[in-house]
Amino acid sequence: MSRILSSALFIVIVAALACVPFVADSYGVTLGIGMLGYVTLATAWALFSGPTRYVSLATVAFFGIGAYTVAVFSETIPYPLLLVTAGAIGLAVALVVGLSTLRLAGVYFVIFTFGLAELVRQLVTWYEVNVTGTLGRYIFLPVTPEGIYWQLLGLAAITFLISWWIGRSRIGLALKVIGDDEIVAAHCGIDIARVKLALFAISSVIITLVGAIQAPRWTYVEPTIAFNPTISFLTLIMALLGGAHRLTGPLLGAVPLFLLFEWLSANFPNHYSIILGLIFIAIVFILPRGVLAFAEENWRRWRKTEIKNLPAVAE
Amino acid sequence: MSELLTINGLTKRFGGLTAVNAVSFSIHRGEVVGLLGPNGSGKTTVMNMISGHLAPTGGTIALGKETISGLAANRIALKGVARTFQLVRGLPSLTVAENVIAALAFGRQKLWGQAARTEALSRLDEVGLAHRADQSAQDLTYIDQKRMELARALAAQPELLLLDEWLAGLNPTELKTGIELIRSIQKRGVTILLVEHVMDAIRALCGRCVVMNAGRKIADGPTAEALADREVINAYLGDAHA
Ligand SMILES: Nc1ncnc2c1ncn2[C@@H]1O[C@H](COP(=O)(O)OP(=O)(O)O)[C@@H](O)[C@H]1O
Ligand SMILES: [Mg+2]
């Protein structure tokens, strides 16, 4: 029953969001694109990093690969195929990176993924300067902002469905077992490296597609725009704020934080990064397991005291 | 009788320490063998190498005719080796039933859904834990966690079961039930290698014992003979008592 209810709710919300471009002005659509982009990034990030507890800062490496693929091939490959190409490149990079790094644990993985994003940016810059001879590229594609909005909405919905499906599937159980105890996981017959690689690949392809779909919004890209490390950090904070272990956690983190950052960058453009850093620290210290877990615990505590305080029924 | 497990010249070094030193023994199909020795003599390390948790520094391990030494733990599990750990390893974020389903879903049986749940419940029933199936694993007492771990190992449908001090810490009543349980597992045709310090249990369960001291095998034979061995008595009591 609750499953039918939540499916219905999901369909209604997606349908309602699909109608937004008909009523919103162009600023509203722009805002919607940014928000859907980050909701998808945070959900895709949590897909891999939530259960495995591998904190990845490679988000922008894949996001940028998606954007750059579109920039480079926008005139040679027709549009829908362009997205497929971007996804395929993202997948290939994810498999190579995954095979070589998923052995690293803890902070080494964090550092490596951060380094990876920088490495990709430097490689693209080097290639553009030395081979192409220009640093920036123009993207002229007949894609409207509404078109981008709908594509991102579709991708966000698919990401949710994948995340929901994984949670109930065998691979979801494998992830929980791995998250609890890798030694037990291996002794149960789970091929840990393969499960992690599969998740990393799915997550990375979605992130690549976000970059590819959003790219036409920029018209002009250069490596510093497409590979801006702030994107990785924002995605991380959003997922952590909401709680990376729950299906809707990243969503609940992404929406308010995106709006907050929009407001901050409009009103405090000079202090933006400092405030961002402070918020980051606050979230990690105050809500290490996310807002949802925090709210749930306090709700339970509050319910308990309320029940205790109920007046006794007269006999 | 054919041999299920054949260990040859098995060696493990941790830096300068040789924890297991050229140990060889074999186990027939259907046997229950005790692996004894004072603390630190290398018993758990032998178990760890058989299950694939640690790679041997030297020597070979074969399951049936197949060499398994050097394989990853997940591959060895699929070939029919299951174990419990000396320090219990539950999966705290899962329910008790899910702990068992983990072995069913990815082990040799590949069960999922209702079939997995039914099977998990009957494995839990076997160890007397069915009534706790839907509790969180982290709420179990230490003894119940040990039971759950055994149910998980059984769910893997092993040919060879490794029990590392599974009976340690049980009270006399629980010990009796535990011994009966291991016997019933043996009757099903599962071969068992158990590390144990409880002498009553060893006498009741093991037809044969392998005894280790300081990484070396010092005795291997029928339980009564192995326990009466001079070197074994020295190892347990110290040379002063010889
Ligand atoms: N992972 C490890 N790293 C370093 N030394 C170890 C490790 N595991 C066991 N040892 C050492 O190997 C020796 C044998 O340990 P163990 O096999 O646990 O003995 P037992 O199970 O017989 O008590 C001990 O000296 C122990 O400290
Ligand atoms: Mg031990």
Unsatisfied cross-links (Cα-Cα over 27 Å) in the set B:K12/B:K176; B:K65/B:K146; A:K176/B:K79; B:K43/B:K79 | B:K12/B:K176; B:K65/B:K146
Nearest 10 degrees, 0 to 90: helix A:145-168 Cα axis against chain A principal axis | 50
In debye to the nearest 20, how big a dipole does the stretch B:27-170 give about its Cα centre with +1 on each Lys and Arg Cβ and -1 on each Asp and Glu Cβ?
-> 380
Between B:A204 and B:I233, what is the spin-label point distance in nm, taking each point 7 Å from the Cα along the Cα→C-beta axis?
-> 2.6
Largest-first semi-axes in Å of the equivalent ellipsoid built from the Cα gyration tensor of chain A are 34, 25, 20
Longest span of chain A, sites excluded, free of trypsin sites (Lys or Arg not before Pro) in DSSP loop with at most 16 other C-beta atoms within 10 Å?
-> A:104-288
Springs between alpha-carbon atoms under 10 Å, Gaussian network over chain A: tell me which of A:T132, A:T43, A:T52 tops the mean-square fluctuations.
-> A:T132
Taking only Cα atoms, what is the 0 to 90° angle, nearest 10, from helix A:59-73's long axis to the longest principal axis of chain A?
-> 30
Per-residue accessible area, 1.4 Å probe, largest first, puts A:I171, A:I286 in the order A:I286, A:I171
Provide, in order from the shortest bin, the percent of all Cα-Cα pairs of the protein assembly as shown in each 20 Å bin, continuing until the bin that contains the maximum pair distance.
-> 18, 41, 28, 12, 1
The stretch B:1-122 -> Rg/Rh from Cα coords, Kirkwood Rh, value 1.02
Inverse of mean 1/r across different Cα pairs in the stretch B:114-160, Kirkwood, Å = 10.8
Taking just the C-alpha trace of chain B, give me its Rg and Dmax in Å.
-> 17.8, 60
q = 0.13, 0.14, 0.20, 0.24 Å⁻¹: log10 I(q)/I(0) that the Debye formula gives for the stretch B:135-242, counting C-alpha atoms only = -0.57, -0.65, -1.12, -1.36
Per-residue HN-Hα couplings for the stretch B:28-40, Karplus 6.51 cos²θ - 1.76 cosθ + 1.60 at θ = phi - 60°, whole Hz, x for Gly and Pro?
-> 6, 4, x, 6, 10, 10, x, 10, 10, x, x, 4, x
Restricted to the protein assembly as shown, the DSSP antiparallel beta bridge percent, nearest 5, is 60
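The values are calculated or read from the model by the stated rules, or taken from the named source; none is laboratory data. Just so you know, these numbers come straight off a predicted model, no measurement behind them. Quick reminder, even Gly has a Cβ in these numbers, built from the backbone with ideal geometry, and neighbours come from all protein chains shown. What goes into the accessible areas is simple: the full protein's heavy atoms, side chains included, and nothing from ligands, DNA or RNA. Shrake-Rupley method; radii C 1.70, N 1.55, O 1.52, S 1.80 Å.
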